[in-house]
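Working notes for the structure below.
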Amino acid sequence: MSENTDPERDSALETLFYQTDRVRFVNWREFSGSKPTVVLTGAITVVSFITGLSNISQGVMLEGVLAPVLPAAELYARFAGVLFAFLLGITTIGLQRRKRIAWYVAVAVLLLLSLLPLATFQTTDIPLLLLVALTVPLLIRNRGQFDQPLDLSPLQLASILSVGGVVVYGTVGSYGLRDQFTGELLTWTDAFYFVIVTIATVGYGDFTPTTPEAKVFSLTVILFGTGAFTVAVGSLIVPAIESRMAAAFGTMTASELNLLEDHVLVLGYGDITESLLDELVDETDVVVVTDDESVASELDDKGVSVLTDDPADEDALGDARIDAASGVVVATRDDAKDVLTVLAAKNAAPDIRVVAAANRPKHVGKLEQVGADEVISPMTIGGRLLSRSVLGGTTTEELFESVGDGGPTPGNGEEAASEDGGTGDVEE
């Protein structure tokens, strides 16, 4: 009795029971990606801090191969661990946010930090060397993952440069006037130390100006230094706090709003605007103004710019830079509120183009009367698409073209046919 064979069945059985593809027991990418790299950098921060504290409190023995050639080896060995730990702590935060500059700083600091165990070669420094040797290749391997720019505002950049300029000015000036100070202000290090304690308003009193020229110079360092430092701290910390608070409420910060230009304002949020955003976000900058905090938070999570405020409030529209916008869309579930929103938009920016959607065809005229440049009735368009599709069998693209040629106008028949649909009655 011959057996009948089914090739398709045999192929399916082979695929099911005789797998030829290799199944990885360990997904090494999970251990060599950007996240493990950031974790290792954070671990180095902790180990470096502990090693630095040990070197400061107990002293160090320079027994490594780099000890004879490393400048100021003993000073470096004592304080490098703690200093680099603080710098790596900030860098780790930057790596978490995938900042490109944090990647550069991390590579440079880790290479410098690797000199510490090579100079001391103490048992406590060996784990630090091993961690650095493991992390640096991972940073190089995942270089493309850290591609976000720093995005400093002009004020932040100017304040940072001003602090650096004051430090350079103070260091060069105090070193040039070193003979006019009490104390042993003899080296560039002493001059740099004097400037830092002056700007920080610590003033230990170990260096004191003795001549009118040196006193005037010290006053300029105090005025310029403390002023620049205060402005720098404010310009860097305040936006960070503002951004954290804005993220909690799903709204844009003041600095982000000031940068808006040629964007589209979507006033309110509803079923229509949900699909509208899918089309607009890839074409232009979009800002949604809504007073619904839950919707604002949800949109913020999706990466959509949101201002949590009343879309019918002219002050809120001013904050959203309606005067610099390229157009306004008003399309919610409530025609009555849309009428107020169109009025507010036209009062805030009379020349702005406003496109509105009417839930009921009979409200098209009212939205036009309050200033809407274009009013669309989604229900009318949907009805025409359905009727032409079932009768003509045409494609979706042809249907949209045909509807666009004979745009919907609210007539008595359409009003009667659509009386049950939509929400948001406007008082006659």
Exposure of R178 as accessible area (Å², to 10), given a probe of 1.4 Å and all protein chains
80
So who's got an amide H within less than 5 Å of the one on V264, skipping anything under 5 residues away but keeping other chains? H placed 1.01 Å off N, in plane.
D285, V286, V287, S326
What span do the alpha-carbon atoms of the range 110-226 cover on each of the three principal axes, reported in whole Å from largest to smallest?
57, 42, 21
Taking R0 as 51 Å and r as the Cβ-Cβ distance between L112 and E279, the FRET efficiency 1/(1 + (r/R0)^6), rounded to the nearest 0.05, comes to 0.50
So between D373 and Q145, what do we pick up on full extension, going 0.36 nm a residue minus the alpha carbon distance?
77.6 nm
Mind checking which lysines have their C-alpha under 21 Å from K35, skipping anything on the same chain fewer than 8 residues away?
K99
Hey, if we sort L276, L138, L155 by accessible area with the 1.4 Å probe, largest down, what's the order?
L155, L276, L138
Around P149, under 13 Å between beta carbons, what's the net of Lys plus Arg minus Asp minus Glu among the other residues?
+2
For a quick check of your reading of the filter: which GluC sites (Glu not before Pro) in the range 271-321 sit in a DSSP loop and have no more than 14 other Cβ atoms within 10 Å?
E283
Qualifying lysines (Cα of each under 18 Å from Cα of K362; at least 8 residues distant if same chain):
K337
Note, ³J(HN,Hα) from phi for the range 209-223, Karplus 6.51, -1.76, 1.60, rounded to Hz, x at Gly and Pro
x, 10, 10, x, 4, 5, 5, 5, 4, 5, 5, 5, 5, 5, 5
From the protein chains alone at 1.4 Å, what is the descending order of accessible area for K366, K215, largest first?
K215, K366
Roughly how much of T308 is accessible, in Å² to the nearest 10, using a 1.4 Å probe?
40
Taking the Cβ of Y175 as the centre, find all other residues whose Cβ is under 15 Å away and add up their charges (Lys, Arg: +1; Asp, Glu: -1).
-3
With a 10 Å radius around each residue's Cβ, average the other Cβ atoms per peptide and rank 127-136, 108-117, highest first.
108-117, 127-136
How much accessible surface area, in Å² rounded to 10, belongs to the heavy atoms of I90 with a 1.4 Å probe?
120
Show M61, M379 ordered by accessible area, largest first, where the area counts protein heavy atoms only and the probe is 1.4 Å.
M61, M379
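The values are calculated or read from the model by the stated rules, or taken from the named source; none is laboratory data. Note that the structure is predicted; figures quoted are calculated from it, not measured. With ideal geometry, Cβ positions are generated from the backbone for all residues, glycine too; neighbour counts draw on all protein chains shown. Accessible surface areas use protein heavy atoms only, side chains included; no ligands, DNA or RNA. Shrake-Rupley method; radii C 1.70, N 1.55, O 1.52, S 1.80 Å.
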